[in-house]
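Structure first, then comments.
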Amino acid sequence: MEKFRQTLKVKKERAILVAAILSRSKGADDLSELTALAESAGAVVVDRFQQKIRTINPSTYIGKGKASQLAGRVKKYEADVIIFDNDLSPAQIRDLEEILDTKVLDRSELILDIFATRAKTKQAKLQVELAQLEYTYPRLTRMWSHLDTVAGVGGATAAGAVGGIGTRGPGEQQLEIDRRLVNKRISELKRDLSGIDKRKLREIQGRHGLFKICLVGYTNAGKSTLLNTLTDAGAFVEDRLFATLDTRTRKWSPSKGVEVLLSDTVGFVRKLPHQLVASFKATLEEAVNADLLVHVIDVSSDDALGQMESVKTVLKEIDCGRKPTLLALNKIDAIKDVSQLETIETVYPDAVSISAKSGLGLDALSEKITECYEGSELVLRVSSHQSNGKVQSFLRAHGRIINEQYGDSSVIIDVRMGQNQLPELKRLGPDTLEIVQH
């Protein structure tokens, strides 16, 4: 097993994709997503192998007979790596590699590898490394001969002084050394990320008074493109999965007198490894603390509805399943099957059809977001001292004036405005504020 795993990277390798589907499962995976993931990792897909199974084989997952058939395909296509669309146990990977005589990766390991190549900032790199090590730790079977490198230690440094008094010498198994290295590095990463997370959370929570919108969606749905088009954020954009892992937040004015904070998040996929969801907790806090989620959907994808459900699943995992959400049906200028768009628009009549790239439909999106920002309308009677210009300016910018009455030193204004503006109006200190009509 060790001979196949000198590195975790999958680059320019010939890959065979495998999907083992339990016969009681509903539907079947066409391996399109795994194909996109493998290609994003740099692999060349040379074959696809799907198999319905009644039960999971504890040794080889797909059964030894099917594994032998797969071995024949490995020789035929000169494959360098087999990638399963399932999560495998360490024992299953080991037994499969012995039968297939080539490297075997499972879905989670592939996604973690892609995240590792995409991480650019210190926070993203620490998050990915933590996720990789937490995935690796329970799977240690002496296959990680390079683990001292993965754990980030050096032989001559204090961190690299493996063991210590009473632990050195031939009596200790390499596996125990590896586990201790991983545990130590995990602790270091959690400590470093804890400091970053606390600063990030303070930053997010310190944005009270501003309406917060978070773009969520399947990877490569066009979230970063939408952020760039609306705010000139300059976020990195490329037609590939997980092009960016970092959150960007920018101020945006969807309509006159309205200012909100718009944030991008890491993209989701089906069965996103829970280690990644946990390690990217602070990044996903943008969604948790948002007042509104804009779920960006690539309606040009053949699996748009499936991708929508995958995003909903992850949102439920981070307790965002019931948060107010606006659907943005993106890439309408790249649709091949118009009937799919019509179906989604029928099921979700409040969704907005857009093209983030060309700008088509963005005015309608801005109007919808302004409606969400304002909330249901109220008629208010606000009294303040004439010297309190902040109250009067706010009412004129965010509402529609119905009537004004001026006294010796005070002004009474009747105004129609959204109920979501009440907290900010109250902070400006009017003398009295009365709701005249809901």
Kindly provide the set of residues from region 396-419 that are buried (at least 16 other Cβ atoms within 10 Å of the Cβ) and closer than 16 Å to Glu259 by Cβ, ordered by number.
His398, Gly399, Met417, Gly418
Considering only residues of region 45-70 that are assigned to a loop (DSSP other than H, G, I, E, B) and among the hydrophobic types (A, V, I, L, M, F, W, C), which is surrounded by the most Cβ atoms within 10 Å (Cβ to Cβ)?
Ile62
Please pick out the residue among Tyr348, Tyr373 that is surrounded by 18 or more Cβ atoms within 10 Å (Cβ to Cβ), among the hydroxyl-bearing types (Ser, Thr, Tyr) and within 30 Å of Asp298 (Cα to Cα).
Tyr373
How do the pairs read when you match residues in region 297-309 that are outside the structural domain of Asp333 (by TED's automatic domain parsing) and under 14 Å from Lys331 (Cβ atoms) with residues anywhere that are β-branched (Val, Ile, Thr) and in a loop (DSSP other than H, G, I, E, B), using Cβ under 8 Å and keeping only pairs 6 or more apart or on different chains?
none
Scan region 383-391 and give yes if some residue there is in the same structural domain as Ala221 (by TED's automatic domain parsing) and small (Gly, Ala, Ser), otherwise no.
no
Return a yes/no flag: does region 228-248 have any residue that is of a type in the set (A, V, I, L, M, F, W, C), in a helix (DSSP H, G or I) and at pLDDT 85 or above.
yes
Restricting attention to region 89-105, which residues are in a loop (DSSP other than H, G, I, E, B) and within 23 Å of the chain's Cα centre (by Cα)?
none
Checking the condition outside any loop (DSSP other than H, G, I, E, B), among the acidic types (Asp, Glu) and in contact (Cβ under 8 Å) with a residue 40 or more places away in the chain, which residue from Glu367, Glu404, Glu345 passes?
Glu367
Could you say whether any residue in region 425-437 is within 35 Å of the chain's Cα centre (by Cα) and not charged (D, E, K, R)?
yes
Flag for Ile332 being touching a helix residue (DSSP H, G or I) at 6+ places or on another chain (Cβ under 9 Å), farther than 24 Å from Gly375 by Cβ and modelled with pLDDT of 90 or more:
yes
Using the structure shown, decide if Leu34 is touching a helix residue (DSSP H, G or I) at 6+ places or on another chain (Cβ under 6 Å), at pLDDT 85 or above and surrounded by 14 or more Cβ atoms within 10 Å (Cβ to Cβ).
no
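The values are calculated or read from the model by the stated rules, or taken from the named source; none is laboratory data. Just so it is clear, the structure is predicted and the values come from calculations on it, not from any experiment. In this analysis, Cβ positions are derived from the backbone assuming ideal geometry, glycine residues included, and neighbour counts consider all displayed protein chains.
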